[in-house]
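Below is one structure, written out as structure tokens; comments come after it.
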Amino acid sequence: MQLSRIAVAGASGLIGSALTRSLTADGHEVVRLVRREPRDETEVRWDPEAGRVDTAGLAGCDAVVNLAGAGVGSRRWTDAYKKRIHDSRVNGTSALAKAVASLDKPPRVFVNGSAMGYYGETGDRVVDENSPAGQGFLPELCVEWEGAAAPAQQAGVRTAFTRTGLVVGRGGGAWGKLFPLFQAGLGGRMGDGRQYWSFIALHDEVAAIRHLLETDGLSGPFNLTAPEPLTNREITEAMGRVLHRPTLFAVPAPVLRSVLGEMAGDVLGSARVRPTRLLESGFTFAFPDIEGAIRAA
């Protein structure tokens, strides 16, 4: 599919900023959704929590990508912050989907963010897009988040969901916090280190989103994770090898729970997720292994 004008919500985040750079470098016009007054025609005003979008600004877009949402790991999960996490995703997706559906000429594709948190705690069990949702705050959020895109789907817009894993990148996310610790020689496993972490290189995350945008017929959920998830212990050892730093420190589970509260369950939990549908669609990973992903970052 040939695209030229693409609207991106969450364009200032780790993934969104890398995606907009990639699209712009290839000559696409990127329209950014912003919460302030737009500076020019390349920006569109919206308020995701309130569910408002300047629909007229989306006219003429071939595609809409929604990567917006309050950071899951940004702070302790108080009831107030959990509501913000929820509203920024569910209300924002609903507003965008309704705006897309209301256009006289809707975009051809809507790519909406989601997360591997959909599956919850998987232990050693391998899950893919055919697996059911787990239980708890994140799985329930992901189900509602994806469901909020229904207006776009009902309007006949091809809609895909990116169930993203832990993105290996320096500019934010989990690895944005891990890199400084490991470079200072303070890195180590979390808990017993046996929990699976499903990761993806930032380069591959962007390439996969573009694959979903540009490949006709791809709709529904896609796990954006590397082909082989690893345990936290294995990833810790790889970080030490690549950065040439010791990995002697370990953070006991009770300490993590004391510091992080409910969010510690996401750090200590196991998610053994495989990207079955993405691979079947013909996507090729540039950095399928963890050491390559770390070096790329």
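Here are some notes:
- Filtered by the rule that a residue be open to solvent by 50 Å² or more (accessible area, probe 1.4 Å) and under 16 Å from the mean Cα position of the chain (by Cα), the stretch 178-207 gives a lone residue, His203.
- Meets criteria (surrounded by fewer than 20 Cβ atoms within 10 Å (Cβ to Cβ), in contact with a strand residue (DSSP E or B) (Cβ under 8 Å, 6 or more places away or on another chain) and either at pLDDT below 95 or within 30 Å of Glu280 (Cβ to Cβ) (or both)) for Arg52: yes
- Residues that are hydrophobic (A, V, I, L, M, F, W, C) and under 25 Å from Gly193 (Cα atoms) within the stretch 109-162 comprise Ala115, Met116, Val126, Val127, Ala133, Phe137, Leu138, listed in sequence order.
- Trp175 vs. criteria within 16 Å of the chain's Cα centre (by Cα), closer than 13 Å to Ile294 by Cα, open to solvent by less than 30 Å² (accessible area, probe 1.4 Å) and in contact (Cβ under 8 Å) with a residue 60 or more places away in the chain: yes
- Enumeration of residues in the stretch 1-37 that are of a type in the set (Val, Ile, Thr) and within 11 Å of Ala68 (Cα to Cα): Val8, Ile15, Val34
Residues checked against (1) at pLDDT 90 or above; (2) more than 23 Å from Ala7 (Cβ to Cβ); (3) touching a helix residue (DSSP H, G or I) at 6+ places or on another chain (Cβ under 8 Å):
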{"site": "Ala174", "(1), (2), (3)": "no, yes, no"}
{"site": "Ile200", "(1), (2), (3)": "yes, yes, yes"}
{"site": "Pro221", "(1), (2), (3)": "yes, no, yes"}
{"site": "Arg233", "(1), (2), (3)": "yes, yes, no"}
{"site": "Leu243", "(1), (2), (3)": "yes, yes, yes"}
{"site": "Gly261", "(1), (2), (3)": "no, yes, no"}
{"site": "Ala264", "(1), (2), (3)": "no, yes, yes"}
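- The set of residues in the stretch 135-154 that are surrounded by 20 or more Cβ atoms within 10 Å (Cβ to Cβ) and not hydrophobic (A, V, I, L, M, F, W, C) comprises Glu146, Pro151.
- Listed by first and then second residue, the pairs linking a residue in the stretch 216-233 that is under 13 Å from Gly282 (Cα atoms) to a residue that is assigned to a loop (DSSP other than H, G, I, E, B) and small (Gly, Ala, Ser), with Cβ atoms under 6 Å apart and 6 or more places separating them unless they lie on different chains, are Leu218/Ser281.
- Residue in the stretch 1-43 that is farthest from Thr215 (Cα to Cα), counting only those that are of a type in the set (Val, Ile, Thr) and modelled with pLDDT of 95 or more: Val34
- Any hit, the stretch 155-164, residues being of a type in the set (Lys, Arg) and open to solvent by less than 40 Å² (accessible area, probe 1.4 Å): yes
- Scope the stretch 9-33; condition open to solvent by 20 Å² or more (accessible area, probe 1.4 Å), touching a residue at least 12 places away in the same chain (Cβ under 8 Å), out of contact with any Leu (no Cβ under 6 Å at 6 or more places or on another chain) and among the hydrophobic types (A, V, I, L, M, F, W, C); matching residues: Leu14
- Only one of Glu140, Glu144 that is within 25 Å of Arg274 (Cβ to Cβ), of a type in the set (Asp, Glu) and free of Cβ contacts under 8 Å to residues at least 12 places away in the same chain: Glu140
- Near pairs, Cβ below 6 angstrom, 6+ apart or cross-chain, from the stretch 62-91 (within 17 Å of Ala115 (Cα to Cα) and open to solvent by 20 Å² or more (accessible area, probe 1.4 Å)) to any residue that is assigned to a helix (DSSP H, G or I) and among the polar types (S, T, N, Q): Gly69/Ser88
- When Arg241, Arg170, Arg210, Arg245 are checked against the criterion of being buried (at least 17 other Cβ atoms within 10 Å of the Cβ) and of a type in the set (D, E, K, R), a single residue qualifies: Arg210.
The values are calculated or read from the model by the stated rules, or taken from the named source; none is laboratory data. None of the values given here were measured: they were computed from a predicted structure. Backbone-built Cβ (ideal geometry, glycine too); neighbour counts: all protein chains shown. Side chains included, ligands, DNA and RNA excluded: accessible areas come from the protein's heavy atoms. Shrake-Rupley method; radii C 1.70, N 1.55, O 1.52, S 1.80 Å.
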